[in-house]
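Below is one structure, written out as structure tokens, with a few remarks after it.
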Amino acid sequence: MKATEAFRLQAQACAVLGSPMYAGLLDRLAEDIEADGPTAMVLWGHEDDTGPSALALRLLGSVHRLVLERRAGALGAFYPSVGGTWELQEGATAFRALLEREPDAVREWLDRAPQTNEVGRAAVLMGGLLNLSEAERLPVRLFEIGSAGGLNLLADRFCYIDDSGTLFGDPFSPVRLEAAWRGERLTPWPELHLNELVGSDLMPLDAGTTEGRLALTAYVWPDQADRLERLRGALSLAQQAPPNVRRQGAADFVNDIELREGTTTVLWHSVMWQYLPHHEQATAAAGIMKLGQRASEGKPFVHLLFEPLRRTPESDHEFLVVMTTWPGGERRILGRAAPHGIPVTWEPANGKSLDPL
Ligand SMILES: C[S@@+](CC[C@H](N)C(=O)[O-])C[C@H]1O[C@@H](n2cnc3c(N)ncnc32)[C@H](O)[C@@H]1O
């Protein structure tokens with residue numbers, strides 16, 4: 001795929017996902033690439049890194065981080081994330097001017113994979129746990145693969161509000177997930193606390209450092225005030241109690257998990273499975289099955305995931321919430337959600353299962 005085509009596709013995705021700023025800007029940048037302008041110059045040598053490498057998001061993330069560091073001069077006046085107001089014509093001109101002025105600074109982050117840690121996905125995790133049966137409601141040990149900055153390991157410190165206005169979690173939390181849940185009502189579990197929270201990532205981001213916070217913020221789209229506010233709330237919680245995220249690949253991490261009597265062990269992941277090479281997917285899936293075989297009523301094991309999947313081989317991809325519980329190995333689609341996590345629509349139990357990942 002040519003870079004211009006990749007930028008235009010990303011523009012459409014940004015429009016659908018609620019970022020008119022990036023949608024308009026990417027279309028202008030695609031025109032600039034065609035015209036051999038500053039965008040083409042800065043991307044020189046990366047023309048073939050299109051498709052899954054998300055070159056457009058790498059460029060946008062790199063420039064956003066310069067804006068957040070107040071190194072982008074006049075461009076900052078157009079970025080809502082630092083108090084500016086987006087305006088397409090002048091904003092795109094200022095963007096191109098920055099590429100011309102600071103090509104080396106922009107290129108520094110072009111090799112870096114965009115890493116978002118989407119706090120809205122905590123609503124999937126917590127709501128998913130509220131689907132556990134009475135017998136499975138033991139103290140929860142939570143393990144996560146592909147945690148990025150580990151912000152969703154703080155999920156039991158957030159506040160969730162469903163579409164009827166009912167509150168769950170900490171009412172005083174700096175992270176408020178409004179209209180987080182709709183559809184089937186969830187059964188409250190006031191004693192639910194997450195114990196022994198451990199995450200893992202091949203490239204963890206340390207939410208306790210300036211560099212980590214900068215990267216986590218730079219990949220959020222600057223005109224998405226709700227996402228930025230959620231992120232800032234979670235970063236403030238992470239500073240008080242930094243999440244424990246190991247630098248470890250998913251399959252190795254799964255193989256290190258052990259079940260413990262009197263607790264429910266949960267393995268959770270969101271929007272990361274597609275990044276695993278096939279052999280690692282197979283090893284991690286085998287590790288999950290092994291943990292399932294070791295589970296018993298006194299030490300249940302739960303695999304909870306939020307990933308783009310198809311309900312049937314013929315259907316389109318949706319972001320589905322799927323839970324498998326052992327003993328028994330029952331797999332259920334619990335619901336579906338927007339890619340950034342909220343709102344989650346919980347579906348009635350219909351006994352339908354889904355092929356394993
Ligand atoms: C799109 S981010 C999602 C982060 C987080 N789960 C969320 O939903 O906010 C995908 C994450 O998977 C991580 N990742 C990619 N390959 C991995 C691997 N082989 N093992 C563990 N983590 C991996 C990336 O570093 C990145 O942090």
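Data for the structure
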item: The stretch 151-225 - Rg over Rh from alpha carbon coordinates, Kirkwood radius; result: 1.02
item: E297-D170 FRET efficiency (beta carbon distance; Förster radius 35 Å; 0.05 resolution); result: 0.70
item: DSSP beta bridges in the chain [antiparallel fraction, %, rounded to 5]; result: 50
item: Sparse-neighbourhood loop sites, chymotrypsin sites (Phe, Trp or Tyr not before Pro) in the stretch 1-75 - DSSP loop, at most 16 other Cβ within 10 angstrom; result: W44
item: Relative contact order [Cα under 8 Å, 6+ residues apart], the stretch 247-308, whole percent; result: 52
item: Loop-located chymotrypsin sites (Phe, Trp or Tyr not before Pro) in the stretch 153-241 whose Cβ has at most 16 other Cβ within 10 Å (DSSP); result: F172
item: Electrostatic dipole magnitude of the chain [Cβ: Lys, Arg +1; Asp, Glu -1; Cα centre; debye, to 20]; result: 640
item: Candidates per trypsin sites (Lys or Arg not before Pro) in the stretch 13-105, loop by DSSP, up to 15 other Cβ within 10 Å; result: R70, R71
item: Net charge of neighbours whose Cβ lies under 10 Å from the Cβ of T39, counting Lys and Arg as +1 and Asp and Glu as -1; result: -3
item: Kirkwood Rh in Å, taken over the stretch 263-357 so that all alpha-carbon pairs contribute; result: 14.0
item: Rounded if a/c under 1.5, otherwise prolate or oblate - the stretch 180-322, Cα gyration tensor axes; result: rounded
item: Share of alpha-carbon pairs per 20 Å distance bin for the chain, given as whole %; result: 29, 55, 15, 0
item: Contact order normalised by residue count of the stretch 210-357, Cα under 8 Å, 6+ apart, percent; result: 15
item: Taking the convex hull of Cα positions in the stretch 76-117, its mean projected area over all directions (nm²); result: 3.8
item: The chain: relative contact order in percent, alpha carbon pairs under 8 Å with at least 6 residues between; result: 16
item: Among H340, H303, H279, residue whose mean-square fluctuation peaks in a GNM of the chain (springs only between Cα atoms under 10 Å); result: H279
item: Protein accessible area in the chain, 1.4 Å probe - carbon and sulfur %; result: 51
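The values are calculated or read from the model by the stated rules, or taken from the named source; none is laboratory data. Keep in mind that this is a model prediction, so the values were computed, not measured. Reconstructed Cβ throughout: ideal geometry from the backbone, glycine too, with neighbour counts over all protein chains shown. Ligands, DNA and RNA are excluded from the accessible area calculation, which covers all protein heavy atoms including side chains. Shrake-Rupley method; radii C 1.70, N 1.55, O 1.52, S 1.80 Å.
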